[in-house]
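The structure appears below as structure tokens.
The values are calculated or read from the model by the stated rules, or taken from the named source; none is laboratory data. On a predicted model such as this, the values are computed, not experimentally measured, just so you know. Every residue, glycine among them, receives a Cβ derived from its backbone with ideal geometry; neighbour counts consider all protein chains shown. Surface areas here come from the heavy atoms of the whole protein model, side chains and all, with no ligands, DNA or RNA. Shrake-Rupley method; radii C 1.70, N 1.55, O 1.52, S 1.80 Å.
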Amino acid sequence: MIWPLLTLCCAALLAVTAWRAFRREEALREQLRQAQLELAGIRVERHSALTEEQTKQQTVFNSLVEGLLILDEHGKIQFANPTLEKLFAVKGDIRGLSLSAALSSFALQEIAEETLRTGRVTGFELSLPGHGEQILQINATTFRDPDRAHAGTVFVFHDLTRVKQLENLRKEFVANVSHELRTPLTLIKGYVETLLDGAKDDPAVATRFLQTIERHADRLTFLIEDLLTISRLESGQVLMNFQVLDLHTLAAEVINDLSSRSEERKVALVNEVPPDFPVRADGDRFQQVLFNLVDNAIKYGRAGGSVRVGARRKSAEFIEGWVADDGPGIPPEAGERVFERFYRVDRARSRDAGGTGLGLSIVKHIVQAHGGEVRLESEPGKGATFFYTLPVGVESPAEG
Ligand code: ADP
């Protein structure tokens, strides 16, 4: 009787143990599954974080104003950003090509070799042949990843063309200003010395010399005034006081101010601006524009000729005004340059006429500060016409 009971108890015990073992295994399996799932999740996250990082890098490289070029350890192009492709006018995919094959630059090849030898090249200036006056500054360095998986050379190309142009303009400007200041000063000193050496004892000669000294001193004053005006306009220090003004009245005032000069050269000044012609302008500044243009037309136009000041409506927003003379005009090759500082077609004539070489440059700056443009039309022998545009004068509600 006891044996069947014992057998039953043992069987029940075995069944409970087996059940517990089965549950434990189930739990372990579940934990394993969870762990596998978590691992897979981490992998996906790491992968997407990596591609996100790569996309960010790519976006940064693509938006750089500097050209960027990466060579692999065999000297083959691994990456070139769009700025570099533009700088070197590259067409098509250059990845996998050598420097000389892709960019056909011997100098660049030399920089790459130098970088490999020394580890770094900085501030190398390269002027690109066949690209106008384009000058690039190159910095290059070799690199090796911390895991030593990748090695190569990175080149950064900075376009220095504009900086160089500005530097040259500044040098030229300083040289021009020094020259313009020195010329009248030398003359003044010469006349003073001659006076002191005895010329002062002859009243007629002394008067003539003193008048010449006064003329050159005036020229120095005009030059300094014009230089200050240009410098204020260029640095944006001039606050424009825009108002609705009548261009006909402005032209009449300038013609009146210049009447004695025009009489000296027997030049007829004609105001052809239609009456009641509203423009949006700074009165004092714009008077200077008309003054410089009409003054030039009298100085360089035909003695005994005529100067016409006119205007017409160009569009809904702009008017076009002009000052036209019937003098010798300006040769086509000088047409683009007359608005440059210190440019003169006839240096001696400008100097005799008391010119500073800055008048048209001031005109251009003031017109541009009004949102307008200047241009010249001239046929040698048939006079010169200087055109400018200005915004139409419309009262804004705030101005009543
Ligand atoms: P400047 O002080 O010499 O007059 P501007 O800048 O006013 O300087 O003019 C530049 C040059 O353009 C002048 O030196 C002159 O040679 C030329 N020029 C300007 N206006 C006229 C014109 N109406 N006809 C012929 N040449 C002109």
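What number comes out for the charge environment of T221, summing +1 per Lys or Arg and -1 per Asp or Glu over other residues with Cβ under 12 Å away? Counting the neighbours of T221, the net charge comes to -2. Solvent-accessible area assigned to carbon and sulfur over the chain amounts to 56 percent, based on a 1.4 Å probe.
Each Lys and Arg contributes +1 and each Asp and Glu -1, all at the Cβ; summed about the Cα centre of the chain, the dipole is approximately 1080 debye. 3J(HN,Hα) along the stretch 311-318: 6, 8, 6, 9, 8, 4, 9, 10 Hz, from the Karplus curve 6.51 cos²θ - 1.76 cosθ + 1.60 with θ = phi - 60°, whole Hz, x for Gly and Pro.
Helix 203-234 and the longest principal axis of the C-alpha atoms of the chain enclose an angle of approximately 20°.
The residues of the chain expose on average 62 square angstrom of accessible surface per residue, using a 1.4 Å probe on protein heavy atoms.
Assuming R0 = 56 Å, can you tell me the calculated FRET efficiency for the pair K86 and K266, based on Cβ-Cβ distance, to the nearest 0.05? Spell out each step's value before the answer.
On the way: r = 58 Å, r/R0 = 1.03.
Using R0 = 56 Å, I get an efficiency of 0.45.
Would you mind estimating how fast the stretch 187-324 diffuses translationally, via Stokes-Einstein at 4 °C and 1.567 mPa s with the Kirkwood radius over Cα pairs, in µm²/s? Roughly 73 µm²/s, to the nearest whole number.
Taking 37 °C and 0.692 mPa s as conditions, the chain diffuses translationally at an estimated 113 µm²/s according to Stokes-Einstein applied to its Kirkwood radius (Cα pairs). Which of the listed residues, G329, S260, A199, is farthest toward the dipole's positive end in the chain, when Lys, Arg count +1 and Asp, Glu count -1 at the beta-carbon? So the residue we want is G329. Ordering L376, H216, V121 by Cα displacement along the dipole of the chain toward the positive end leaves V121 in first place; charges were set at the Cβ atoms of Lys, Arg (+1) and Asp, Glu (-1).
Compute the long axis of helix 247-257 from its Cα atoms, compare it with the longest principal axis of the Cα atoms of the chain, and write down the angle in degrees, 0 to 90, nearest 10. Roughly 50 degrees, rounded to the nearest 10.
The calculated 222 nm mean residue ellipticity attributable to helices in the chain amounts to -17500 deg cm²/dmol, summing -39500 (n - 2.57) over DSSP H runs of n ≥ 4 and dividing by all residues.
Cross-link partners of K299 among lysines, defined as those whose alpha carbon lies under 28 angstrom from its own and excluding same-chain residues fewer than eight positions apart: K189, K266, K364, K382. Taking every protein chain into account, the 1.4 Å probe leaves S105 with about 20 Å² of accessible area, to the nearest ten. Rounded to the nearest 10 degrees, the angle from helix 283-300 to the longest Cα principal axis of the chain is 60 degrees. Magnitude of the charge dipole for the stretch 47-141, about its Cα centre and with charges confined to Cβ atoms of Lys, Arg (+1) and Asp, Glu (-1), is about 120 debye.
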